[in-house]
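Visitor: Please find one structure pasted underneath; my questions will follow.
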Amino acid sequence: MKIRNFVFASILAMLFCLPAQAKGFLLFNTGSELFEVAPFPAEMVSEYRDLNSYKAGYKCDHFGLFWADIWTWNCSLVAVSAQDSYADLPAAVASKLRGDPAYAFKNTQRSFWNHYGILAALAALGGLSFLRRFI
């Protein structure tokens, strides 16, 4: 009976959690995440001096389990600073960078866990279901 109450309370707590960055022991995390791509081209930095302290990157919404990204969407090209903040880019700069393959989303600097989190989660679930057959 105690286990049933614990499971019920855990499920209830998860249902009423506010979407936020994962802190402590949460099973899921949502929010915005910044990914750096590369420094801005020299000609852009000379034209827009404010870009000197930023790198080109993407700001994306994401959903994850155990801090591994499962789904990333709504990505927009932004200027990313070293302090994990960002600034929106002027339309002319953003359109010029979108045309350059060096600034494509596939070139973002993501950790292994962040990039392949969905595969790790699926492998863990598959492994657990496989082990359940023998227990």
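Read the figures in this text as sums done on the coordinates, not as results from a lab. The shown structure was predicted, so the numbers you read here are calculated from the model rather than taken from an experiment. Backbone-built Cβ (ideal geometry, glycine too); neighbour counts: all protein chains shown.
Visitor: Residue by residue through region 80-95, what is 3J(HN,Hα) from phi via Karplus (6.51 cos²θ - 1.76 cosθ + 1.60, θ = phi - 60°)? Round to whole Hz and write x for glycine and proline.
Guide: Using θ = phi - 60°, the values come out as 9, 9, 5, 8, 6, 10, 9, 9, 5, 8, x, 4, 5, 5, 4, 5 Hz.
Visitor: Still on this structure, I have one more. Taking the Cα-to-Cβ direction at residue 124 and at residue 83 and moving 7 Å from each Cα, how far apart do the two end points lie in nm?
Guide: With each label point 7 Å from Cα toward Cβ, the separation is 3.4 nm.
Visitor: Does region 22-132 come out rounded, prolate or oblate, given a ≥ b ≥ c as the square roots of the eigenvalues of its C-alpha gyration tensor, rounded meaning a/c under 1.5 and, failing that, prolate meaning a/b above b/c?
Guide: Prolate is the answer for region 22-132, as a/c is 1.5 or above and a/b outweighs b/c.
Visitor: All other residues with a Cβ under 13 Å from the Cβ of residue 36 taken together, and with Lys, Arg as +1 and Asp, Glu as -1, what is their net charge?
Guide: Combined, the nearby Lys, Arg, Asp and Glu give +1.
Visitor: Is region 62-127 best put as rounded, prolate or oblate by its Cα gyration tensor, with a ≥ b ≥ c the root eigenvalues, rounded for a/c under 1.5, and otherwise prolate when a/b is larger than b/c, oblate when not?
Guide: Prolate shape, in that a/c is at least 1.5 and a/b is the bigger ratio.
Visitor: Right, next: Express in nm, to one decimal, how much length is gained between residue 112 and residue 135 on full extension, taking 0.36 nm for each residue of separation and deducting their alpha carbon distance.
Guide: Net length gain for the segment: 5.1 nm.
Visitor: Explain nothing, just the number: dipole magnitude of region 22-132 about its Cα centre with +1 on each Lys and Arg Cβ and -1 on each Asp and Glu Cβ, in debye rounded to the nearest 20.
Guide: Numbers: 9 positive and 10 negative charges, 72 e Å.
Approximately 340 debye in magnitude.
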